[in-house]
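Enquirer: Following this message is one structure expressed as structure tokens.
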Amino acid sequence: MTGPHGRGRVAAFLPLPLAPVPEMHPVPALAPHLQHDSAIASPPERRAEPRHAPSRTLPCLVHAPDGLALGIALVEDLSGAGVRLLLDRPLRPGDWINVEFVAPATQLRRRLPMRVIHADAAPGGGHLVGGAFLSRLADEEFRGLLG
């Protein structure tokens, strides 16, 4: 799959350094690690602010709320209030995850809880997941991540 920056498939671009984690849904072994709000369905687009694509490839780490590492994702677009990620596994609207941004150039390392708002299969493979952060990225963090 080729994203807006000409990136290749997620699996080919970022091999996971962790032991493979099975699909999240339905997986009884992972179910205790995820928090899910079943009352949340995929709503129509209502972003409070525009999202921006990073100027370079921007990977991030994805964790379950209890800290279990779920893998690596690519940031497709970002705002101070949320992000859209390209993942190698599905999530559901209402899931809570932690997204950890690491930007060595600015020495930024920030882990933010995120509620999944929408989740869809990506054309050509992978999964696109968009969500809202529990707390905003500071303006300087946002600018540093975009490059």
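Just so you know, all these numbers are worked out from the coordinates, no wet-lab data involved. Note that the coordinates shown come from a computational prediction; the quantities given were computed from them, not determined experimentally. Please note: Cβ atoms are built from the backbone with ideal geometry, for glycine as well, and neighbour counts cover all protein chains shown.
Enquirer: Which order do the peptides 57-70, 75-88 come out in when sorted by mean C-beta neighbours inside 10 angstrom, highest first?
Expert: 75-88, 57-70
Enquirer: Determine which residues of region 89-116 fall in the zone a paramagnetic label at ALA138 would reach in this model, i.e. backbone nitrogen under 12 Å from the point 7 Å along Cα→Cβ.
Expert: Those under the cut-off are 108-110.
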